[in-house]
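Asks: Just passing along the structure, written as structure tokens.
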Amino acid sequence: MAYCEYYQAHVPQKTCWLFVALLRSCEHVTFDRTLDKEGSIFEFFVPPTMEETFLSIMRWLGVQGLVDNVIKLPNRLLEQKTL
């Protein structure tokens, strides 16, 4: 069974609404949610087959100033599962 790749990124608070609207218009690429509202940190669960598409979208959104500090991390849900 394949698990999703896991990413986190900072989204400037003043443009969160636009970031979310643009990202969600790209269906089946990622499941996103706010991890830290105060720090404006989002987390993304990306199917392995959509990782390149996701990264391409993140690069474009970064150029537009809508996201920064996109980092890949171990899937935190898998880590919790092993505890």
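Values in this text are rule-based calculations from the coordinates and carry no lab data. Since the model is a prediction, treat every value here as computed from it, not as a measurement.
Asks: Using helices alone, I'd like the mean residue ellipticity at 222 nm for the chain: each DSSP H run of four-plus residues gives -39500 (n - 2.57), total over residue count, nearest 500.
Replies: Rounded to the nearest 500, the figure is -9500 deg cm²/dmol.
Asks: Contour minus end-to-end for Lys37 and Val20, with contour as 0.36 nm per residue of separation and end-to-end as the Cα-Cα distance?
Replies: 4.7 nm
Asks: Want the number for Thr49 to Tyr3: 0.36 nm per residue separation, take away the alpha-carbon distance, what's left? Display every interim value, and only then the final one.
Replies: Working: separation 46, 0.36 × 46 = 16.56 nm, distance 1.07 nm.
Answer, rounded to one decimal: 15.5 nm.
Asks: So for segment 5-81, averaging the separation of alpha carbon pairs under 8 Å that are six or more residues apart and normalising by length, what relative contact order in percent results?
Replies: For segment 5-81, the relative contact order is 47 percent.
Asks: Using only the Cα atoms of the chain, what semi-axes does the equivalent ellipsoid have when each is the square root of 5 times a gyration tensor eigenvalue? Give whole Å, largest first.
Replies: Output for the chain: semi-axes of 21, 16, 10 Å.
Asks: Report, to the nearest 10°, how far helix 51-63 tilts away from the longest principal axis of the Cα atoms in the chain, using its own Cα long axis and a range of 0 to 90°.
Replies: 30 degrees
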